[in-house]
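Contents: one structure, followed by commentary.
The values are calculated or read from the model by the stated rules, or taken from the named source; none is laboratory data. Just so it is clear, the structure is predicted and the values come from calculations on it, not from any experiment. Note that each Cβ is placed from the backbone with ideal geometry, even for glycine, and that neighbours are counted across all protein chains shown. Accessible surface areas use protein heavy atoms only, side chains included; no ligands, DNA or RNA. Shrake-Rupley method; radii C 1.70, N 1.55, O 1.52, S 1.80 Å.
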Amino acid sequence: MLRLDGATVRFGARAVLDAVDLEVADQETVCVLGPSGSGKSTLLRAVAGLQALDAGRVLLDGADQAGVPTHRRGVGLMFQDHQLFPQRDVGGNVAFGLRMRGDGKSERAERVRELLDLVGLPGAGRRSVAALSGGEQQRVALARALAPRPRLLMLDEPLGQLDRGLRERLVVELRQLFGRLGTTVLAVTHDQGEAFALADRVVVMRDGRIAQSGTPVEVWRRPASEFVARFLGFDNVVPARVTGTVAETAWGEVPVPDGSPQGDRRLLVRPGGVRPVPAAGDAPAWTVESWTFRGSHVVVRLRPAGGPPLEAELPLRDAPEEGTETGLAFRPEDVVVLGDDTP
Amino acid sequence: MALPVAFFAVFFAWPVVSIVDRGLRPGGDWRFGRIGETLSRPDILDVLGFTAWQALASTGLTLLVALPGAYVFARFDFPGKSVLRAVVTVPFVLPTVLVGTAFLALVGRNGLTDELWGLRLDTGVWAILLAHVFFNYAVVVRTVGGLWAQLDPRQEEAARVLGASRLTAWRTVTLPALVPAVSAAALMVFLFTFTSFGVVQILGGDAYTTLEAEIYRQTARLLDLPTAAVLTLVQFAAVGAILGLHAWTVRRRETALRLVPPERTARRPRGAGQWALLGGVLLSVALLILLPLGVLVERSFAGPGGYGLGYYRALGSLDESGTFLVPPLEAIGNSLRYALAATAIAVVIGGLAAAALTRRAGRLVRGFDALLMLPLGVSAVTVGFGFLITLDEPPLDLRASWILVPLAQALVGVPFVVRTMLPVLRAVDERLREAAAVLGASPWRAWREVDLPLVRRALLIAAGFAFAVSLGEFGATVFIARPDSPTLPVAVARLLGRPGELNYGQAMALSTILMVVCAVSLLLLERLRTDRTSGEF
């Protein structure tokens, strides 16, 4: 469906997109995830033809889009701040793309009605866009982008400005909607929860390059580098020397999965893979520094005799009291030997 | 709102009413029959027809030439942009008499095109139309370009992604957002050309006369006050009708726009089409604006014995003919002082009026809005003459005071301030003000904290306009400036009114100085503007 070949965009000397290769298959939902300034929005603008490439190609359905103006690319783009047209009402906004396509009046009215039903705003066609709430603007923007049936729908921070509850509900709705319509979607976001909930495949970007690509579960379980791990919110990263299935770290000896890369590496211990055991013998003792109740589990911050602190997620009944000492065991499947971190 | 209303009542309504009173009620009896008599005269009907026709043609032509210019100034970055922006504003502040003279020197008898190709345009209406475009180019570029530069380009991008071509995206998204600004600009141009005086006087000859020139002729030459009063009323009515129509269209179309800092919207031209557009606009500016100014400057140096500074030297001394009581050079100081005072008055009055108009709605306020524009439509000659006959006796005797001139000039400047401020003020999101109010800001405080930072750019543009208008104001000033303290335009007109090459050359030299004064002031304003705004981001 969509393919990027070495797509490069430079602003002055800085490469905002640096030789990006990316494919989106038909009916697939791909989420590009990255901190602000990583080039996500530029990626969408390049695909839409709003930003010229300095090198590389954009292909849609196998056809090179160089020289194809934005309005002939047949892609949809939902802007971060919606960019609804203030001088048109809701119906006028949704019908805009249909009008550009030359659809007849009754056809347009029918489609607008259908889309407003779809996004849960039936009968809102005559309302002024200035009077809409954030969530409603969101829905109108989505309806407007979907109306001309774009072959590829792109979303720029689709839920960025909404409150948390609404966001979580909308993410589910969006995913169901895209599945039902069979839409091909390329979304960008800085919110990992949103990306994981929405996407079939997640692409993590850093400084204009792709740092990792995979299904949400893959990326979550095996972050490719320290950058990805930290961006996903994992802070339990230490330098390690890996020999066989054991790594030597400031946290003592940590078991690693079979087939892990060997030598001097960095190591991620997922908070869920830590288990308290009775302090015994010469095993290092950990002090429980802080204790945060999170409902289904407790996050405990542990400090070894000498070394960086470690976070553990424990069930309530297993969590040691604040200020006490404990021993720790690690589950090897929750330990990841990270790859090279040069961007 | 009270202050602007009082200002207009005393310095506008009263003088105008007095004149009409003198014309239509000589000795205390109303003589309305005079209106019908005057309006059935074929020569007057010709004047009316021509006035309306040339104003319409000039407005259309100005929009055609200046809208691409507004786009280029709003959206493109190119070297020398701020200098060029100041340059295109210069014609606007030139005395109308001088604009006429510059075009006479360009396309008239023995003018540049006559010398080169034997081409003369001063016998037809084209010279008038071109001079009007020359004069009003800046109105469109500043009013429309000022808003255009702040429209979010992503609105157009959103339309493009939805399948609109570049042109369609502009037509469906940008154009509707620009309509209030375009109609405001068109209205100003129409009013200026409708009341055109100096240009028509010089280039029209006997064949073409506008209402304003006719009023002047009736008042100053034929001393036929009743006919002048009737014509003033006709002009009043016509202008009132146009303003009413304008207020109605604007109200129907205004929406809260999404404004962004102009620094974010301008970029270098890309591609052959954009460069060609930039080139075309630069060429039209060069031909239409720089060339007449160039000819003007050239004539100021071209003495009888070749090029030299002879005319400029003559400005520093009193000549024997008694044209002036002081050396003409003193007019520079007078003009600057008057213009600064007039700008201050116009910004305060106009700013208050615009704020009041934004905040309130209702029939009364809308009437006030239209009223504010009236000084533009009422002949400046009438205002000046009215000042003379009303403000010279108690309770308000200002004839001996220097403030009289700035007051008259501010009267003409206020509509500019209001017109420039209103579209931007109305586009400020009401919720921002509500947010400020919830946070404990009084309405005045909210205006200062929320509106002012957002509209500072428009305010500076407005101040620049008021300053420029004051510098170039001629029709009213010529009646009330005292002989020992003339302004630059008045001095130029006096010199042009005298025969002889030395006077003509001195007029050109003094005009060149006026031009430089304006250019320098506007450049300073541009500088001020970029400094302030870059400090915020």
Quiz item: Of (1) charged (D, E, K, R); (2) within 30 Å of B:Leu459 (Cα to Cα); (3) away from chain A (no Cβ under 14 Å), B:Glu157 satisfies all except one. Which?
Solution: (3)
Quiz prompt | the range B:167-194: number of residues that are in contact with a Pro (Cβ under 7 Å, 6 or more places away or on another chain) and within 14 Å of chain A (Cβ to nearest Cβ) | solution = 2
Practice problem: Please note which helices (runs of 4 or more DSSP H) are completely contained in the range B:447-505 and include at least 3 residues that are open to solvent by less than 10 Å² (accessible area, probe 1.4 Å) and over 28 Å from B:Gly303 (Cβ atoms). | Solution: B:452-472
Quiz item: Which members of the range B:145-154 meet the condition of being in a helix (DSSP H, G or I) and either within 7 Å of chain A (Cβ to nearest Cβ) or over 15 Å from B:Ala462 (Cβ atoms) (or both)?
Solution: B:Trp148, B:Pro153, B:Arg154
Quiz prompt | In the range B:191-208, the residues that are open to solvent by 30 Å² or more (accessible area, probe 1.4 Å) and assigned to a helix (DSSP H, G or I) | solution = B:Phe192, B:Gln201, B:Ile202
Quiz item: Is there a residue being acidic (Asp, Glu), more than 23 Å from B:Gln235 (Cα to Cα) and modelled with pLDDT of 75 or more anywhere in the range B:315-336?
Solution: yes
Quiz item: Going through the range B:150-172 one residue at a time, which ones are of a type in the set (A, V, I, L, M, F, W, C) and modelled with pLDDT under 85?
Solution: B:Leu151
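Rundown of residues vs (1) aliphatic (A, V, I, L, M); (2) more than 23 Å from B:Phe194 (Cα to Cα); (3) open to solvent by 10 Å² or more (accessible area, probe 1.4 Å); (4) without any contact (Cβ under 8 Å) to a residue 24 or more places away in the chain, yes/no style:
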{"position": "B:Phe8", "(1), (2), (3), (4)": "no, no, no, no"}
{"position": "B:Arg31", "(1), (2), (3), (4)": "no, yes, yes, no"}
{"position": "B:Ala55", "(1), (2), (3), (4)": "yes, no, no, no"}
{"position": "B:Thr62", "(1), (2), (3), (4)": "no, no, no, no"}
{"position": "B:Tyr71", "(1), (2), (3), (4)": "no, yes, yes, no"}
{"position": "B:Phe78", "(1), (2), (3), (4)": "no, yes, yes, no"}
{"position": "B:Thr89", "(1), (2), (3), (4)": "no, no, no, no"}
{"position": "B:Gly118", "(1), (2), (3), (4)": "no, yes, yes, yes"}
Self-check item: Top-ranked residue of the range A:73-126 - restricted to ones that are among the basic types (Lys, Arg) and away from chain B (no Cβ under 14 Å), ranked as least open to solvent (accessible area, probe 1.4 Å)
Solution: A:Arg113
Quiz item: Is there a residue in the range B:138-149 that is open to solvent by 30 Å² or more (accessible area, probe 1.4 Å) and out of contact with any strand residue (DSSP E or B) (no Cβ under 8 Å at 6 or more places or on another chain)?
Solution: no
